[in-house]
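The values are calculated or read from the model by the stated rules, or taken from the named source; none is laboratory data. Predicted, not measured: the structure shown is a model, and the values here were computed from it. Here Cβ is always computed from backbone atoms with ideal geometry, including for glycine, and neighbour counts include all displayed protein chains.
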Amino acid sequence: MNQANLGSAGDDSFAALFEQSLAEGDFGNEGEIVQGTVVAVNRDMVVVDIGGKSEGAIPLKEFQDAGGEAAVQIGQRVDVYIESRENDDGLVTLSKEKADKMKVWDEISNACEADELIEGTISQRVKGGLSVTIKGGVKAFLPGSQVDLRPIRNLDKLIGQTYRFKVIKFNKKRGNIVLSRRVLLEKERDEMKQKTLETLTEGMVVKGTIKNITEYGAFVDLGGIDGLLHITDMSWGRVNHPNEVFQVGDEVTVKVLKYNPETERVSLGLKQTQEDPWNHAEEAYPAGKKVRGKVMSITDYGAFVELEPGVEGLIHVSEMSWTKKVKHPSKLLEVGQEIECQVLEVDARAKRISLGLKQLEPDPWMVFTDKYNPGDKIAGKVRSITDYGVFVGIEEGVDGMVHRSDLSWTVRVNNPSDLFKKGDDVEAIILSINHDEKKVSLGIKQLWDDPWPTISSEFPLGRVYDDAPIISTVDYGVFVRMREGVEGLIPKEELDDLSKYKIGDVIKCEVMSLDTIDRRIFLSAKNIGAERPAGAPARKHHEADRPAAGTLGDLIKEKLGGKLDLK
């Protein structure tokens, strides 16, 4: 290169610099970094004199700063890297960029040997970890396992972050640098841990950060050491999962419940930093008070209702309805439902509150006892029938029972379903009221006076009834109503064809026999009007069939197979 091609460099200044380079002797060898002087700057190139009558041209872009501006002046001293000796043009191939990088490598090498830390910015995600840009734009590798103390699922969120790192592997020849941030964090953690352990005692209140969440609790970083905050110690109230209360990174104030220095295990409690709500439960929820709450869970035996965080009461299934037999609480309530109920009993020591739902409505028994007394006449429907009697609905939620012995003056009923069916409308007299057991005894036959003192004259043998209504059919005959309060039985042997008779039909019949001792009336629908000896059995019953000793009733029971017992 001649002087004319050096742009703004003057003849005198260039000559002076050239003479200076000659005086400095040898300019260095290939692969070395030497210091040179900028002797010319043109539009694309910068000429640097490195001494020994040698010059080299370097692209101007290697002098550009981060903003793209060329920061170079004539006379400026710069470090350059000798790539090759003089070429055919008499110029040496130089590189400022490579010199800068080699200087950085030297600084990194020195830092590595001195066990010093270097600063870098995470630039991109690469296979197995992250790429970090350190001094001079040098790229280093940060393995995923060395990013943090715990594995990080989303490494992309770290891009652009600047941290300090420790060099754990360095190979200048291969250009390989491996960094670690975890080593620094472990060191910091150990230092914090030692400091924390020196002051940690049971019962103290400390601050920490939620580090990890599991199904059974949350781990809290107390400063180099983790403590377990179990789900049962998070709140006085019910917590289904810790993530309902916390998120990773939340700061919490907790109490040290247990601390074992040997195992370094720490148990923490959050609710213990707050007053136990059961301490004021008896004052806040006296018996008889109406309260509102939220149904938290339902079991076979009842529903648990949260009155406030940490305080739950139980509505037993028996306290849900006065009138309905609740088979399962879920038939009335559902989880999450806001309800009103009444406090029945409080045991703060056992942390139990009994609640009632039905108590919000008037007690049907009290309504009944205010309205009725023994001897009153009631009307209702047959609700159910058992072997021993008939249950009649008097008021909503109150039933009375008519024992089978109180169904009829004239028929001893072994099976009440022979005379009544569920849903039948009936009238009855209240015989007694048992307030302790909340039971009501009813009588149907008591609607009329006892007919037996005059029954033989009112219903003489041979009397014919043209239109006796059938009130019930059974497999051994039909029951007919002779008048209100008096029933009789026509055995099937005294009927033409039992199958053709139905309830509500009227039938012609005559009194066949009366048994005033056992209070029984038998009728016949056959051979009406035919003469019969007084007290004789029906036409079909012969003397030979009767037992040697006994009554007409014994004979009839024998013939009917013991299916009916008449009074």
Query raised in the report: Do the conditions hold for F522, that is, is it of a type outside the set (S, T, Y), over 21 Å from F420 (Cβ atoms) and at pLDDT 90 or above?
Result: yes
Query raised in the report: Any residue at all in the range 153-167 that is at positive phi, not aliphatic (A, V, I, L, M) and not assigned by TED's automatic domain parsing to the domain that holds V41?
Result: yes
**Report entry** the range 128-150 - residue that is part of a loop (DSSP other than H, G, I, E, B) and of a type in the set (D, E, K, R) and, of those, nearest to N110 (Cα to Cα)
**Finding:** D148
Query raised in the report: Looking at the range 414-425, which of its residues are assigned to a loop (DSSP other than H, G, I, E, B), surrounded by 14 or more Cβ atoms within 10 Å (Cβ to Cβ) and either assigned by TED's automatic domain parsing to the domain that holds D475 or under 50 Å from the mean Cα position of the chain (by Cα) (or both)?
Result: F420
Query raised in the report: Given V92, V126, V147, V183, which one is touching a strand residue (DSSP E or B) at 6+ places or on another chain (Cβ under 6 Å), at pLDDT 85 or above and among the β-branched types (V, I, T)?
Result: V183
Query raised in the report: Which of the residues spanning the range 426-452 are assigned to a strand (DSSP E or B) and out of contact with any helix residue (DSSP H, G or I) (no Cβ under 9 Å at 6 or more places or on another chain)?
Result: V426, I430, S432, N434, K439
Query raised in the report: Has the range 47-56 got any residue that is part of a strand (DSSP E or B), closer than 20 Å to K96 by Cβ, of a type in the set (D, E) and at pLDDT 55 or above?
Result: yes
Query raised in the report: Could you list, in sequence order, the residues of the range 466-510 that are surrounded by fewer than 20 Cβ atoms within 10 Å (Cβ to Cβ) and of a type in the set (V, I, T)?
Result: I470, I471, T473, V474, I503, V506, I507
Requested in this report: Could you grab me the full set of residues in the range 268-301 that are loosely packed, with under 12 Cβ neighbours inside 10 Å and either in contact with a Gly (Cβ under 6 Å, 6 or more places away or on another chain) or closer than 30 Å to E202 by Cβ (or both)?
Outcome: E275, N279
Report summary line: Checked against (1) buried (at least 16 other Cβ atoms within 10 Å of the Cβ); (2) touching a residue at least 24 places away in the same chain (Cβ under 8 Å), V317 satisfies every condition except (2)
Report summary line: Note: among R153, R125, just one is free of Cβ contacts under 8 Å to residues at least 60 places away in the same chain and either surrounded by fewer than 13 Cβ atoms within 10 Å (Cβ to Cβ) or not in a strand (DSSP E or B) (or both), namely R153
Query raised in the report: Within the range 370-413, which residues are touching a helix residue (DSSP H, G or I) at 6+ places or on another chain (Cβ under 7 Å), part of a strand (DSSP E or B) and β-branched (V, I, T)?
Result: I385, V390, I394, V398
**Report entry** Qualifying residues in the range 199-235 (those that are more than 29 Å from the chain's Cα centre (by Cα) and surrounded by fewer than 14 Cβ atoms within 10 Å (Cβ to Cβ)) - the one nearest to V252 (Cα to Cα)
**Finding:** K207
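Matching residues to (1) β-branched (V, I, T); (2) surrounded by 13 or more Cβ atoms within 10 Å (Cβ to Cβ); (3) modelled with pLDDT under 85; (4) over 27 Å from K173 (Cβ atoms):
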position	(1), (2), (3), (4)
A4	no, no, yes, yes
I58	yes, yes, no, no
G68	no, no, yes, yes
A71	no, no, yes, yes
E97	no, yes, yes, no
Query raised in the report: Name the pairs: first residue in the range 456-468 and in a helix (DSSP H, G or I), second residue loosely packed, with under 12 Cβ neighbours inside 10 Å, Cβ to Cβ under 9 Å, at least 6 apart or on different chains?
Result: S456/T516
